[in-house]
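Take a look at the structure set out below.
Taken together, the values in this text are just the output of simple stated rules run on the coordinates, not laboratory data. Every value quoted in this text rests on a predicted model; they were computed, and no experiment measured them. Every residue, glycine as well, gets a Cβ built from its backbone with ideal geometry; the counts of neighbours run over all protein chains shown.
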Amino acid sequence: MSTEIRVPQLPESVADATLVTWHKRPGDAIRRDENLADLETDKVVLEVPAPANGVVSQILVPSGTVVTSGQVLAVIEEGGASAARSPALPARAPAPADGDGAKEAGKLSPSVRRLVEENHLNPAAIPASGRDGRLTKSDVVDYLKKPAEAPRAAAAAAQAPAAAAPSLAAPSPVARAPAVRPPGAGSGRAEQRVPMTRLRARIAQRLIEAQSTQALLTTFNEVDLTAVQELRRRYLERFEKEHGVKLGFMSFFVKAAIEALRKFPVLNASVDGNDIIYHEYYDIGVAVSTDRGLVVPVVRDADTKSFAAIEKEVADYARKARAGTLAIEDLTGGTFTITNGGVFGSLMSTPIVNAPQSAILGMHKIQERPMVVAGAIAVRPMMYLAVTYDHRIIDGREAVQFLVTIKDSLEDPGRMLLGI
C-alpha cells in the first residue's frame with residue numbers, strides 16, 4: 001500500500017519551512033518513526049518521521065525547497081522492504097586512522113552522528129566550523145550539498161571495479177554558490193557567498209526590529225558572587241546526589257530576577273500599541289547558543305519552581321538545543337530573558353531585548369578582582385551585570401533599582417529563600 005509523506009502541521013506562528021536534507025533515497029528501506037527528512041523553520045529544525053515500515057518509492061521535493069503544512073514530500077510502499085528493490089548504499093568514504101576516527105566520533109553530537117552514519121560519511125573528511133573544532137549539523141548538510149563529485153561519490157567510484165549503476169539518490173539539493181575569485185586567483189583571496197539559514201535570517205530580522213521599534217538603553221552594575229560560590233561549594237555534591245543535576249549559577253540568577261521583577265513589574269511587561277501589558281506570571285527565557293544560532297527556550301512559571309527544577313529544565317533545554325530537537329512550543333512566549341555571555345569570556349556587553357519583551361539581563365564572566373571590603377582589600381569573584389530595557393515604558397530609576405535588587409539577592413542568597 002502506498003502512503004504519502006506530508007509536511008507535519010506547522011504552528012500558527014510558522015508559515016512555512018525549508019526542507020534542509022533527505023536522509024533516505026528512492027529504494028531505501030525505512031522503519032516506522034525513522035527520520036526521513038529535516039525541515040528548518042524560523043525557530044527550530046523539525047523531523048519528518050515515517051508512519052510505517054516500508055520502502056521509499058518516490059521523493060517529490062528536492063532539498064532546499066520551501067514547503068508548507070500538509071504538502072506531499074514523498075511516497076513510501078508499506079511493508080515492501082525487499083532487498084531487490086533497495087540499491088546498494090554508497091560506498092563509505094576512506095576510513096580514517098584508528099586514532100583520528102575515535103577522536104572525531106567522540107566529538108559528534110547525537111544529531112550530527114546520525115546524519116554522518118546515515119550518509120556513510122567520514123567525519124574526519126568534513127571541514128568543521130564548530131567551537132573547538134567540532135563538527136556541526138550545518139557542516140554536514142553543507143558537505144552533502146556539494147556536487148556529485150564530492151569525496152563520497154569519489155570513494156564509491158574508486159571502489160567499484162566496473163561502471164557504477166545509475167544513481168537513485170534523491171533530487172540534488174541546492175548547491176552552494178561557487179567561490180568567487182578576483183584576478184590573481186592563486187593568491188588565496190577567495191570569497192564565498194552563502195545564503196543565511198532561516199534561523200540566522202530570522203535572528204537578524206528580530207534584532208533589527210527590536211532596535212528600530214524600542215528605545216533601548218543599558219545600565220550596569222557589578223555583583224560579588226562570594227556567597228553564591230560558597231553555597232554551591234557547600235552543597236554541590238549533596239544537591240547533585242539528591243536531585244540528579246548539578247547546582248549551577250543560572251537557577252540563582254533566575255530566582256534573583258524574579259524577586260526583582262516582583263518589585264518592578266514593568267520590566268516583566270510588554271507593549272501592545274499604546275497599551276502596556278503587565279504579565280502576572282514569570283516565564284523566563286534562557287538564551288542558549290547553538291551551532292545554528294541563538295535560541296531562547298522558556299522556563300514557564302519559573303516563580304513556582306525550585307532551584308533543582310530550574311536547573312533540570314535549563315540543562316534539558318541545553319541538550320535539546322545542541323541536538324536540534326527543541327520544539328517550537330519550547331521557544332514560544334517568555335516575559336523576560338537572561339543571557340550569559342560569560343560562558344564565552346565576555347566581560348561586559350549590551351544585550352538586545354528579545355521583543356516584544358521590555359528588558360533583558362546580561363550575565364558575564366566571573367573574574368577575581370581586588371575589592372575594598374570593610375576597609376580592607378580582598379580578592380572577590382566579581383561579575384558585571386547589564387540590563388537593557390525599553391525606555392518607552394521603563395524609567396532609568398526602575399532599571400537601576402531592578403539591577404540593584406538582583407545584586408542584593410545574589411550577594412545575600414538567603415534573602416531569596418526567606419522572601420525578604
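Test of understanding: what is the full-extension gain from Ala52 to His391, defined as 0.36 nm times their sequence separation minus their Cα-Cα distance?
Gain on stretching Ala52 to His391: 116.6 nm.
Available extension along the chain between Gln9 and Arg415 is 141.5 nm, counting 0.36 nm per residue and deducting the alpha carbon span.
For Tyr278 and Asp16, a Förster radius of 30 Å and the Cβ-Cβ distance give a FRET efficiency of 0.30, rounded to the nearest 0.05.
Over the stretch 1-53, the pair-distance histogram of Cα-Cα distances with 5 Å bins from zero comes to 5, 18, 29, 22, 15, 8, 3, 0 percent, rounded to whole numbers. Between Ala327 and Arg193, the simple spin-label model (points 7 angstrom out along Cα→Cβ) gives 4.1 nm. Rounded to 0.05, the FRET efficiency of the Ala201 and Met1 pair, given R0 = 35 Å and the Cβ-Cβ distance, is 0.30.
For the stretch 210-346, the spread of Cα coordinates along the three principal axes comes to 50, 34, 31 Å, biggest extent given first.
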